[in-house]
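A.B. asks: This is the structure I have questions about; it appears just below.
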Amino acid sequence: MTFPKLKAFVLDTPDARRLAEFYRELLGLEYREGDEPPAVKDWLQLRAPDGSYRLAFQETKGVRPTTWPDGEVPQQMHLDIEVGSVEELDRQHGRVLSLGGTLRSDQAGDPEEPLRVYVDPAGHTFCVFVG
């Protein structure tokens, strides 16, 4: 049996370039050829340096940021980002905030699964956890 291959995870956003830059800086991703700044596009794609995954950004009107953990606008999806230690979790916390992320839940003191939940500049939820 053969299976289809997941090529990219796509995030809707009111500003494709801003969100692409956020994740490019946070995760050390690279633009697909032709998507580098200053290209003005409503669809941008980033890839992991090893080619293992891609994130794409589609400019869309009417995107409503999640209000999680309040249920008014559920998170609908989230990205999980792993780091190797609590010290690295703390270092990445400062980076996330400086890049425009917002902290929603701080569970860094959890002895079993230290993590923090953030939203990106477009309001999508993502977790940074020690794995």
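Computed from the coordinates by the stated procedures, all read-outs in this text should not be read as laboratory data. Given the structure is predicted, the values throughout are model-derived calculations rather than measurements. A quick note on method: Cβ atoms are made from the backbone with ideal geometry, for glycine too, and the neighbour counts reach across all protein chains shown.
A.B. asks: What trypsin sites (Lys or Arg not before Pro) does segment 1-101 have in DSSP loop regions with at most 16 other beta carbons within 10 Å?
C.D. replies: LYS5, LYS7, ARG32, LYS41, LYS61
A.B. asks: In segment 58-131, which GluC sites (Glu not before Pro) fall in coil by DSSP and have 14 or fewer other Cβ atoms within 10 Å?
C.D. replies: GLU72, GLU112
A.B. asks: Quick check for me: using +1 on Lys/Arg Cβ and -1 on Asp/Glu Cβ, what's the dipole size of the chain about its Cα centre, in debye to the nearest 20?
C.D. replies: With Lys and Arg at +1 and Asp and Glu at -1, about 520 debye.
A.B. asks: Pop out the Kirkwood hydrodynamic radius of the chain from its pairwise C-alpha distances, inverse of mean 1/r, in Å to one decimal. Intermediate results must be reported in sequence, preceding the final value.
C.D. replies: Details: mean 1/r = 0.0640 Å⁻¹.
One over the average 1/r among Cα pairs gives 15.6 Å for the chain.
A.B. asks: Another question about this same structure. Residue-wise, which Karplus ³J(HN,Hα) couplings in Hz belong to segment 41-49, taking 6.51 cos²θ - 1.76 cosθ + 1.60, θ = phi - 60°, and x for glycine or proline?
C.D. replies: 9, 9, 9, 10, 9, 10, 9, 5, x
A.B. asks: Using the Karplus curve 6.51 cos²θ - 1.76 cosθ + 1.60 with θ = phi - 60°, what ³J(HN,Hα) values do you get for each residue of segment 108-119, in whole Hz, with x for Gly and Pro?
C.D. replies: 5, x, 5, x, 8, 8, x, 7, 9, 10, 10, 10
A.B. asks: Which value, in debye to the nearest 20, gives the size of the charge dipole of segment 51-107 about its Cα centre, when Lys and Arg are +1 and Asp and Glu are -1 at the Cβ? If you can, show how the numbers build up before the last one.
C.D. replies: Numbers: 6 positive and 9 negative charges, 67 e Å.
That gives a dipole near 320 debye.
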